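Working notes, structure below.
Any read-out appearing in this document is the output of simple, stated calculations on the displayed coordinates, not a laboratory observation. Everything numeric in this text was worked out from a predicted model, so none of it was measured. For neighbour counting, all protein chains shown are included, and Cβ atoms are generated from backbone atoms with ideal geometry for every residue, glycine included.
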Amino acid sequence: MRIIPAHPKDVSKLLAFREEAAAWLTRLGSDQWQRPYPADRLLATIVAGTVFMVMDDDATAATITLTPDAEDGLWSEQELQEPSMFINKLTVARSHAGQNIGGRLLDWAGERAYRAHAKWLRLDAWTSNEGLQRYYLGQGFDYVRTVREGGAVNGGPRVSGWLAQRLAGPAEHGFEDQTPGPEVLRVGH
């Protein structure tokens, strides 16, 4: 399997990918990702070079967004002074579930963050998805805190505010990495 950067032509494929994940989460009893993700926001992250796809021959096996930009209102000013990269929208196709692709992709992200001179690989997860939280803890992340206020709609409740981090570092992920090298983080990222 190989990791490649997503391209603008992949927007519809990645939106369908997310819909598949949302349907699976619904079957598990989770309300995560029930609202459609705006195509223009996805396109902007693709153009920014922060969306990556794991390809198994011609099939998309997984996707991840890895960015030096934290979502507003989650991390403290002190934490934001530490060089970090942030994971968003990690999704594995149901056809490829059970193969530890997600764990390997987290290792790839940690290594990419390390090569960008980040200290931390950080994420926020759905506050009510305890299974997902246990998964990240099992992948070596440490729980930081849960932010429940300051959501995007009128400052109301935040649905994805469970914060975790692990040290960035070299890893054996086993993917053929076909992405350009990461940019070195600027001070304050």
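Key figures for this structure:
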quantity: Pairwise FRET efficiency - residue 47 versus residue 172, Cβ, R0 = 30 Å, nearest 0.05; calculated: 0.45
quantity: Simple label model, 7 Å out from Cα along Cβ direction - residue 119 to residue 59, nm; calculated: 4.2
quantity: Placed amide H near residue 119: partners under 5 Å, 5+ positions off or other chain; calculated: 84
quantity: Protection proxy ranking of 177-183, 58-64 - average other beta-carbon atoms within 10 Å, highest first; calculated: 58-64, 177-183
quantity: Partner lysines for residue 119 [C-alpha distance under 27 Å; skip if fewer than 8 residues away on the same chain]; calculated: 89
quantity: Residue 142 versus residue 183: modelled label distance in nm, points set 7 Å from Cα along the beta carbon direction; calculated: 3.0
